[in-house]
Structure formats: C-alpha cells, structure tokens
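A quick write-up on the structure given underneath.
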Amino acid sequence: MPTDLSRRDVLRLGLVVAGAAGLAACTTASNGSPTPTDPGGPEDPDRALRAEIGRDESRLVALYAAAAAVLTGAVASRVAAVGARHDAYRQAIDPDGLATASATASGTPGASTAATEPALPPVTASTAVRVLTAAETAAATARATQAASAVDPSLARVVVLAGAGAASAAAVLATGRAR
C-alpha cells in the first residue's frame, strides 16, 4: 500500500468516503423509515462495526502514544495531539467501549491487549513516522469501506470524518511536514 499520498489522492479518497457516507445515509428499514439505533445497544445493527472501528482507533491511539515517547519537542506534541484525535473518534464511534468488552469477552489469548498495543513499537523517529504513515493509510482505506456499511447515517458521518482525518494525517506524515 503506498504511503506517499499526494494532495490529489487525499481529495479523491475524500470523495470516495463522502460518497460512501451518502450511500449509508440512504439506508432505510424495510418499511421505508430510517432505521432507529441505540448506539452500541443490543439492537444496534452497527454494534459489530462500532466494536471493529473502536479496536482500530484504540490501536492508532496506542501507536501514537508509542511514537510520541520516542519523538521530541514540537513533533512529539503534534503526534500526541493526533493520537488524542483518534481517541475522540473512538469515543464517538464506540461510546460504550464495545471494542474493549468484545476483546475481553472473546477469551482469546491476548485479545484484551490487541486493541491497545501497537503492532510495531516505534523505536526511532524515522521508524515511528513510517509506522504511523502506514497505519493512517490503512485506516483511511478501512474507514471508507466501514462508512459504506454503516446503517446509522450519524455513524457513517463520524466514520467518514475519521477516514478523512486518517488520510490527512497520512499525507502530512508522508510529506515530512510532521517532523
């Protein structure tokens, strides 16, 4: 997956994500009325999606925390701020902590830590930037697909915002403007 996104690539991704949100916003119940949801509740048709994105966003938060620990000065502050933004997306998408609950309930060894530990802990500043760029690019791509599968239009909009934020962060990291 390329990590050198151009401004044009970011804008194209934004159009794809916006189109996906429009498609999700048109989703209705079989009787033609909008599908009501209790975000995260047992009847929420997006419950599994919320948990999936919550795990993804938690992983990004952990990656940013690990990166901020090896970076210095203003760069570390900017990286920490982006990590906080991912935490805000996680809270908006998965307000009830479904990601944590499903990982703990699954009983899978390591499942409860998978959502919070970075896949590759950044060791140097350049490694940290490469890991973050790849993670943001993957997140932007995933959010486009996830937004299109959301039943709740409000969830789709937040997922679109998270995807656009990830694409923007990937572009900034790839161009070196974060350093």
* To do: Run down Pro34, Pro45 and say which single residue is at pLDDT below 60 and at negative phi.
  => Pro34
* To do: Report, ordered by the first and then the second residue, all pairs with beta carbons closer than 6 Å, sequence separation of six or more or different chains, a first member in the stretch 140-162 that is in contact (Cβ under 8 Å) with a residue 60 or more places away in the chain and buried (at least 24 other Cβ atoms within 10 Å of the Cβ), and a second member that is part of a helix (DSSP H, G or I) and among the polar types (S, T, N, Q).
  => Val159/Gln146
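The values are calculated or read from the model by the stated rules, or taken from the named source; none is laboratory data. If you're wondering where the values come from, they're calculated on a predicted model, not measured in any experiment. Cβ coordinates were reconstructed from backbone atoms using ideal geometry, including for glycine residues, and neighbour counts include every protein chain displayed.
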